[in-house]
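Below is one structure, written out as structure tokens; comments come after it.
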Amino acid sequence: MNSREKGKRGELELAHKLAGYGYSCRRGQQYCGADGSADVIGLEGIHIECKRVEKLNLSATMEQSKRDARPQEIPTVFHRKNQEEWLVTLSLETWIQMYQAWTGKRHTNDT
């Protein structure tokens, strides 16, 4: 299977996985073309770059997500290798904001 086909299958797999959690997600590129839209759409406020590869340049992929995300979207990379679970990468700043919202606690970093 070539990398383009593996990418499409990864996007479909992720969309189905998210649907299993109750979210109406689908591949973005098949409807929008290669215009910088997210690989998988359906999570409000989240820009998803989806990578289903054994070797991933995570920094470059995160930069792509940041570049392509709309101002109100959180840039993320959803990724997995063969025989492994799906992982999500986002910036520390975004993770801290989400964690603070979840815990209701706000701490400042003086460093």
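What single numbered condition from (1) in contact with a Lys or Arg (Cβ under 6 Å, 6 or more places away or on another chain); (2) free of Cβ contacts under 8 Å to residues at least 60 places away in the same chain; (3) crowded, with 17+ Cβ neighbours inside 10 Å fails to hold for I41?
(1) is the only condition that I41 fails.
So which of G33, G7 is modelled with pLDDT under 95 and in contact with a Cys (Cβ under 8 Å, 6 or more places away or on another chain)?
Working: G33 fails: in contact with a Cys (Cβ under 8 Å, 6 or more places away or on another chain).
Of the residues listed, the single one that is modelled with pLDDT under 95 and in contact with a Cys (Cβ under 8 Å, 6 or more places away or on another chain) is G7.
Just checking, does segment 64-74 include any residue being assigned to a loop (DSSP other than H, G, I, E, B), closer than 26 Å to E5 by Cβ and open to solvent by 40 Å² or more (accessible area, probe 1.4 Å)? Quick ask: steps written out before the conclusion?
The first filter runs over segment 64-74 and keeps only residues assigned to a loop (DSSP other than H, G, I, E, B), leaving 69-73.
Now restrict to residues that are closer than 26 Å to E5 by Cβ: 69.
Retained after the next criterion (residues that are open to solvent by 40 Å² or more (accessible area, probe 1.4 Å)): none.
No, segment 64-74 contains no residue that is assigned to a loop (DSSP other than H, G, I, E, B), closer than 26 Å to E5 by Cβ and open to solvent by 40 Å² or more (accessible area, probe 1.4 Å).
Do we have K55 as open to solvent by 80 Å² or more (accessible area, probe 1.4 Å) and more than 30 Å from R106 (Cα to Cα) here?
On the way: open to solvent by 80 Å² or more (accessible area, probe 1.4 Å): yes; more than 30 Å from R106 (Cα to Cα): yes.
So K55 fits the description; yes.
If you check A60 against the conditions, is it open to solvent by less than 20 Å² (accessible area, probe 1.4 Å) and of a type in the set (A, V, I, L, M, F, W, C)?
Details: open to solvent by less than 20 Å² (accessible area, probe 1.4 Å): no; of a type in the set (A, V, I, L, M, F, W, C): yes.
Criteria not met by A60.
The values are calculated or read from the model by the stated rules, or taken from the named source; none is laboratory data. Just so you know, these numbers come straight off a predicted model, no measurement behind them. In this analysis, Cβ positions are derived from the backbone assuming ideal geometry, glycine residues included, and neighbour counts consider all displayed protein chains. With ligands, DNA and RNA removed, areas are computed over all heavy atoms of the protein, side chains included. Shrake-Rupley method; radii C 1.70, N 1.55, O 1.52, S 1.80 Å.
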